[in-house]
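Q: Before I ask anything, here is the structure I am working with.
Bear in mind that the values in this text are calculations on the coordinates, not laboratory data. Please read these numbers as outputs of a predicted model, since none were measured by experiment. Cβ: placed from backbone, ideal geometry, glycine included. Neighbour counts: every protein chain shown.
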Ligand SMILES: CC(C)(COP(=O)(O)OP(=O)(O)OC[C@H]1O[C@@H](n2cnc3c(N)ncnc32)[C@H](O)[C@@H]1OP(=O)(O)O)[C@@H](O)C(=O)NCCC(=O)NCCS
């Protein structure tokens with residue numbers, strides 16, 4: 001069981017970041033579970049909404065009411081609050097630019113990435129270069145083998161097909177998918193790079209070096225599986241290897257926030 005250090009959900013979690021600022025050789029992952037924080041979600045969302053820019057508030061207003069909007073508001077607002085502490089500026093004043101494929105960025109020296117799926121949000125922060133994060137709800141209704149045939153490398157597809165039960169197939173599919181998407185998001189070109197053109201490997205519990213094909217540049221990323229919670233799979237990819245992964249959980253289940261000492 002990971003180490004757990006608790007503080008309150010309603011905004012105090014940002015203080016936790018102030019007390020444990022980002023170190024040069026670490027990636028901090030902040031996981032927000034909107035269902036597990038249900039009792040306090042209102043406070044979390046209010047605190048997040050308050051620091052959005054007018055443009056972001058307009059974007060939120062155009063989104064479907066419910067989970068998609070809550071994920072965007074909680075994700076973007078919490079990201080702004082973390083970045084605000086990291087750079088010592090008011091969260092709502094930060095100018096988030098978009099890279100050529102739409103990847104949000106702030107400035108050299110501080111990198112971040114956000115993902116959300118079915119009420120879970122993952123925010124990654126690093127001072128050591130680009131990162132990508134992914135979190136996915138393990139959806140058993142999806143035709144996994146059909147998607148794997150389209151998007152997975154031969155070795156990955158073979159592992160999904162060889163899984164001995166539906167449960168193992170689901171776990172293998174999402175383990176692989178989140179790692180691939182984390183790489184594509186670290187790179188920033190996302191799904192414009194053919195996901196089946198590279199493989200993420202079968203290793204568990206260790207950092208895995210994943211090279212992209214030379215035709216798209218041959219960049220290398222270092223991938224870690226992450227505990228996505230009971231219903232989700234998650235992963236993080238970094239341009240630099242050997243990073244320490246620190247994982248924080250914002251969840252009322254733990255009475256506040258739980259700090260997990262490492263990935264997986
Ligand atoms: C990046 C991408 C894989 C995200 O897939 P997804 O499963 O829908 O979404 P996720 O929950 O994993 O991530 C969404 C977050 O990723 C971030 N993001 C957006 N574009 C990104 C990119 N190119 N690279 C990395 N992260 C990106 C955003 O913060 C976004 O959250 P927000 O909209 O709440 O701010 C997909 O959108 C993609 O392939 N984009 C690039 C393709 C492209 O060029 N599109 C044209 C847009 S200009």
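Q: Kirkwood hydrodynamic radius, computed over distinct alpha-carbon pairs, for segment 181-229: how many Å, to one decimal?
A: That comes to 11.4 Å for segment 181-229.
Q: Roughly how many nanometres apart are two label points built 7 Å out from the Cα toward the Cβ at residue 105 and residue 194?
A: 2.6
Q: Per the helix-only calculation at 222 nm, which mean residue ellipticity applies to the chain, given -39500 (n - 2.57) for every DSSP H run of n ≥ 4 and division by its residues, nearest 500 deg cm²/dmol?
A: Roughly -10000 deg cm²/dmol at 222 nm, from the helical runs in the chain.
Q: Let me have the relative contact order for the chain, percent, based on Cα pairs under 8 Å that are six or more residues apart.
A: So the answer I get is 26 percent.
Q: Shifting gears a bit: For the chain, what proportion of DSSP beta bridges, expressed in % and rounded to the nearest 5, is antiparallel?
A: 85
Q: Provide the gained length on full extension for the span residue 171 to residue 35, in nm with one decimal, where the gain is 0.36 nm per separating residue minus the Cα-Cα distance.
A: Full extension from residue 171 to residue 35 adds 46.8 nm.
Q: Turning to a different aspect of this structure: Per residue, how big is the convex hull around the C-alpha atoms of the chain? Give it to me in cubic angstrom, could you?
A: Taking the convex hull of the Cα positions in the chain, it is 129 Å³ per residue.
Q: With a point put 7 Å past each Cα toward its Cβ, work out how far residue 69 is from residue 150 in nm, to one decimal.
A: 3.0
Q: Shifting gears a bit: Output the 0 to 90 degree angle, nearest 10, between the alpha-carbon long axis of helix 166-187 and the longest principal axis computed from the alpha carbons of the chain.
A: 70
Q: Taking the 0 to 90 degree range and rounding to the nearest ten, how far is the long axis of helix 67-87 tilted relative to the main principal axis of the chain, both from C-alpha atoms?
A: Between the helix axis and the principal axis of the chain, the angle is about 70 degrees.
Q: Given R₀ = 41 Å, FRET efficiency for residue 23-residue 98 by Cβ-Cβ distance, to 0.05?
A: 0.90
Q: Quote the FRET efficiency, to the nearest 0.05, computed for residue 244 versus residue 220 with a Förster distance R0 of 25 Å and r equal to the Cβ-Cβ distance.
A: Efficiency computed from Cβ-Cβ geometry: 0.85.
Q: If N is the number of residues in segment 129-242, what value comes out of its Cα radius of gyration divided by 2.2 N^0.38 Å?
A: So the Cα radius of gyration is 0.99 times the expected 2.2 N^0.38 Å.
Q: Given the options 236, 65, 200, state which has the largest fluctuation in a GNM of the chain using a 10 Å cut-off (strictly under) for Cα springs.
A: 65
Q: Looking only at 135, 73, 85, which one moves most when the chain is put into a Gaussian network model with springs between Cα atoms under 10 Å?
A: In this elastic network of the chain, the residue with the biggest mean-square fluctuation among 135, 73, 85 is 85.
Q: Simple spin-label model, 7 Å along Cα-to-Cβ: residue 62 to residue 209 in nm?
A: 4.3
Q: Hey, another quick one. Find the relative contact order for segment 129-242 and round it to a whole percent, using C-alpha pairs within less than 8 Å whose residues are 6+ positions apart.
A: With pairs under 8 Å counted, the relative contact order is 35 percent.
Q: If you don't mind, another one. Multiplying the sequence separation of residue 139 and residue 89 by 0.36 nm and subtracting their Cα-Cα distance, what value in nm do you get?
A: 14.1 nm
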